[in-house]
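To start, the structure under review is shown below, and the notes come after it.
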2 protein chains.
Amino acid sequence: MKNQQLVLAERPDGIPGPQHFSSVTTDIELTPPEGHIAVKNLYLSIDPAMRGWVSLEQNYLPPVAIGEVMRSITVARVVDSNHPDFAEGDFVYGMFGWQEYCVADASFMVRKLDPELAPVSTALGALGPSGLTAYFALYEKGQIKSGDTVVISTAAGGVGSIAGQIAKLTGCTTIGLTGSDDKVNLCTEEFGYDHAINYKTCGDIEVAIKALAPNGVNVFFDSTSGAIADAVYPCMALHGRAIQVGTAAIDSWIPTPTGPRRDRYILTNRLNVSGFVILDHMGKYPEALTQLASWYTEGKLNYKESVIDGLENAPLALAQLYEGVNLGKQLIRLAD
Amino acid sequence: MKNQQLVLAERPDGIPGPQHFSSVTTDIELTPPEGHIAVKNLYLSIDPAMRGWVSLEQNYLPPVAIGEVMRSITVARVVDSNHPDFAEGDFVYGMFGWQEYCVADASFMVRKLDPELAPVSTALGALGPSGLTAYFALYEKGQIKSGDTVVISTAAGGVGSIAGQIAKLTGCTTIGLTGSDDKVNLCTEEFGYDHAINYKTCGDIEVAIKALAPNGVNVFFDSTSGAIADAVYPCMALHGRAIQVGTAAIDSWIPTPTGPRRDRYILTNRLNVSGFVILDHMGKYPEALTQLASWYTEGKLNYKESVIDGLENAPLALAQLYEGVNLGKQLIRLAD
């Protein structure tokens with residue numbers, strides 16, 4: 001069988017895009033060895049974390065090698081199985097990469113999906129990493145509770161929009177930070193934020209947040225770092241919690257960029273700042289997915305997907321992700 | 001009764017010193033109203049936190065006003081009491097200020113001391129704020145456990161030297177950061193550190209720490225902020241904990257100084273960074289003091305005091321504190 005793949009051709013210095021990947025066609029035997037499955041990819045997930053995956057900077061996974069298929073979580077269909085838990089025709093979630101087909105160890109990150117519960121593509125977002133990230137970051141690290149004021153950066157994005165809704169469903173006051181007036185409207189009209197700020201046009205972001213959070217910010221769900229985060233720290237309430245979920249506003253960490261020191265806010269307000277990586281929480285996925293699916297099927301979770309057809313469009317979609325033009329979770333569809 | 005006092009005369013722009021305080025003599029009636037006690041100060045504590053107390057910058061207590069007696073914790077003797085828990089002759093710990101006598105509300109921060117347990121001056125250090133800070137910061141925030149590698153800045157100071165010993169008593173590997181060869185010797189010979197680094201002469205601090213902590217730093221007890229802390233963050237282990245206990249290396253927070261952003265280390269290593277103020281932990285003092293007194297009386301806690309006689313020397317002692325020349329807890333003795 002022919003297998004079209006996108007491999008990392010050149011290591012980007014900053015934002016990855018079409019110039020850093022090449023398309024290659026290889027032969028693949030769809031005959032899985034013991035414990036493995038052969039799958040056909042249906043949807044690829046385009047994620048902010050990918051910039052880190054192709055960088056040599058310190059990260060939570062080893063960098064994708066030059067010539068290696070681009071790492072990506074995907075939703076796929078099993079075409080042959082040599083593992084007792086999976087059968088031909090099953091829908092699965094896994095790390096199957098930017099390619100049409102994959103033969104993979106079924107014990108590594110592979111999860112069977114129930115197509116009756118929700119469209120299987122949601123496993124790449126609301127009922128997958130985005131939802132799980134929002135859920136565990138807010139509850140485990142942020143310790144959110146009713147009455148808290150929660151600020152969310154990249155508020156209209158795949159993770160942020162779910163975080164905003166989970167916080168709201170928990171009884172928090174939610175303030176979204178986002179980069180366009182369209183997204184401000186999405187935040188308040190679609191994602192139920194109490195307030196949303198266009199950080200590009202609002203003037204002094206710190207002043208804007210303080211006006212909306214006169215008693216301080218209890219929880220800061222931060223996917224950006226950089227100037228946006230700098231504006232939120234002075235607004236934090238006593239014993240506030242900041243969760244570093246991503247650093248999308250920083251193009252490169254080599255050399256380490258500088259910014260205002262936060263230690264005095266951390267000390268005097270006894271803040272708690274913690275880094276969050278979803279892989280640490282795998283043991284508790286079932287509990288969280290049950291809650292997320294319940295909200296989703298009850299219509300309480302407004303989840304947007306932005307779907308582009310064709311494997312060849314994945315690199316451009318990735319580059320555009322960092323321009324902030326996508327509305328909702330960015331997916332590439334290879335087949336239905 | 002005449003009462004000599006040191007009042008804040010001028011707000012310092014940076015390090016407080018003799019030029020910022022004036023000596024005044026006032027009359028005081030040592031007749032406490034109901035619920036109050038009248039005390040004679042024996043020992044004043046000279047603390048790094050005092051720079052923050054006389055600054056208008058955001059802090060955990062309101063700033064000392066111009067003309068107000070300098071805020072200070074002290075050990076004193078009750079000369080008259082109108083509170084059922086205290087009697088003339090009792091030794092007490094309290095916030096009685098830089099002055100000879102004080103009439104104070106006995107319900108605010110006042111604690112009776114047992115002179116049989118240990119010299120009462122230890123209530124200003126090992127069996128007081130320094131010991132309590134080290135204890136709660138390491139156990140509650142740092143979650144130290146046997147086998148952890150713990151880095152302590154201001155390692156030979158009043159708080160740091162106790163923190164190093166508590167970590168060692170808990171089975172941790174301890175690395176002290178300090179600013180002179182004399183203090184390096186103190187750290188390893190008196191305070192039981194496994195390693196100590198003179199950060200002024202060691203060259204690249206990060207390289208020096210990594211050589212001593214090849215598996216990373218699990219807990220960073222930081223009283224300094226600034227360049228020293230910048231060197232430790234890249235050395236942190238997965239799921240490491242950093243506790244911001246002070247920010248002694250930063251002269252002024254107005255305007256906010258800049259430094260390398262730490263968000264990427266926090267994210268990828270899932271660090272937990274927390275601010276620590278001892279006042280948050282008052283409810284658990286008895287438990288901690290019992291443990292600290294037990295270690296102290298068993299000779300397991302090497303605690304140094306640097307005692308200077310005379311109220312008038314308090315401002316100079318405070319200024320010198322930030323020069324790092326003191327060896328151990330700095331006290332001013334007014335009487336025995």
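Near B:His20, once Lys and Arg are set to +1 and Asp and Glu to -1 for all other residues with Cβ below 11 Å from its Cβ, the sum equals 0. Per atom type, the protein assembly as shown shows carbon and sulfur on 50% of its accessible surface, probed at 1.4 Å.
The figure for A:Ser107 is an accessible area of roughly 90 square angstrom, using a 1.4 Å probe on the protein chains alone. Chains B and A together bury roughly 3400 Å² of accessible area, counting both sides, with a 1.4 Å probe on protein heavy atoms only. Among B:Thr247, B:Thr178, B:Thr26, the largest mean-square fluctuation in a Gaussian network model of chain B (Cα springs under 10 Å) belongs to B:Thr26. Taking all protein chains together and a 1.4 Å probe, the residues B:Asp336, A:Asp85, A:Asp148, B:Asp105 rank B:Asp336, A:Asp85, B:Asp105, A:Asp148 from largest to smallest accessible area. When you filter the chymotrypsin sites (Phe, Trp or Tyr not before Pro) in region A:54-120 for DSSP loop state and at most 14 other Cβ atoms inside 10 Å of their Cβ, you are left with A:Phe108. Amide H to amide H, with H built 1.01 Å from N, B:Ala237 comes under 5 Å of B:Val217, B:Asn218, counting only residues 5 or more places away or on other chains. Other residues with beta-carbon under 12 Å from the beta-carbon of A:Thr149 carry, at +1 per Lys or Arg and -1 per Asp or Glu, a net charge of +2.
Applying the Karplus relation 6.51 cos²θ - 1.76 cosθ + 1.60 with θ = phi - 60° to region A:33-49 yields 3J(HN,Hα) values of x, 4, x, 10, 10, 9, 10, 10, 5, 9, 9, 9, 9, 9, 10, x, 5 Hz, where x marks Gly and Pro. Using heavy atoms of the protein chains and a probe of 1.4 Å, the accessible area assigned to B:His195 is about 60 Å².
In this structure A:Lys2 has an accessible area near 130 Å², from a 1.4 Å probe over the protein heavy atoms.
Computed extension length for B:Lys284-B:Asp105: 62.3 nm, one decimal, from 0.36 nm per residue of separation with the Cα-Cα distance subtracted. Counts of other chain beta carbons within 10 angstrom of each beta carbon in peptide A:252-260 average 5.
With label points set 7 Å from Cα along Cα→Cβ, the inter-copy distances at B:Gly299 are 7.7 nm, sorted shortest first. Computed over chain A, relative contact order equals 18 percent, with contacts defined as Cα pairs under 8 Å that lie 6+ residues apart.
Of all the options A:Ile37, A:Ile254, A:Ile46, the one that moves most in a Gaussian network model of chain A with Cα springs shorter than 10 angstrom is A:Ile254. Counting, for every residue in A:238-248, the Cβ atoms of other protein chains within 10 Å of its Cβ and taking the mean gives 3. Given axes a ≥ b ≥ c from the Cα gyration tensor, I'd like to know whether region B:219-336 is rounded (a/c under 1.5), prolate (a/b larger than b/c) or oblate. Oblate, because a/c is 1.5 or more while a/b does not exceed b/c.
Does region B:134-223 come out rounded, prolate or oblate by the C-alpha gyration tensor, with a ≥ b ≥ c the root eigenvalues, rounded set by a/c under 1.5 and, if not, prolate when a/b is larger than b/c and oblate if not? Oblate shape, in that a/c is at least 1.5 and b/c is the bigger or equal ratio.
For region A:263-286, a decrease in accessible area of 50 Å² or greater in the assembled protein chains relative to the isolated chain, with a 1.4 Å probe, applies to A:Asp263, A:Arg264, A:Leu267, A:Thr268, A:Arg270, A:Val273, A:Gly275, A:Asp280. Within the listed set B:Leu292, B:Leu124, B:Leu56, the Gaussian network model of chain B (springs between alpha-carbon atoms below 10 Å) gives the highest mean-square fluctuation for B:Leu56. With its label point defined 7 Å out from Cα along the Cα-to-Cβ axis, B:Gly67 lies at 7.9 nm from the matching points of the other copies, in increasing order.
Take B:67-74, B:273-280, A:140-147 and order them by the average number of nearby Cβ atoms within 10 Å per residue, most first; the result is B:273-280, B:67-74, A:140-147.
Backbone phi angles across region A:3-9, fed through the Karplus curve with coefficients 6.51, -1.76 and 1.60 (θ = phi - 60°), yield HN-Hα couplings of 10, 7, 9, 10, 10, 6, 9 Hz in residue order; Gly and Pro are listed as x.
The residues of the protein assembly as shown expose, per residue, 39 Å² of accessible area to a 1.4 Å probe.
Label point of B:Asp336 (7 Å along Cα→beta-carbon): distances to the other copies' equivalent points are 9.4 nm, sorted ascending.
The values are calculated or read from the model by the stated rules, or taken from the named source; none is laboratory data. Here the structure is a predicted model, which is why all the values come from computation and not from measurement. No Cβ is skipped: glycine too gets one built from the backbone with ideal geometry, and neighbour counts run over all protein chains shown. Protein only, heavy atoms only, side chains kept; ligands, DNA and RNA dropped before computing areas. Shrake-Rupley method; radii C 1.70, N 1.55, O 1.52, S 1.80 Å.
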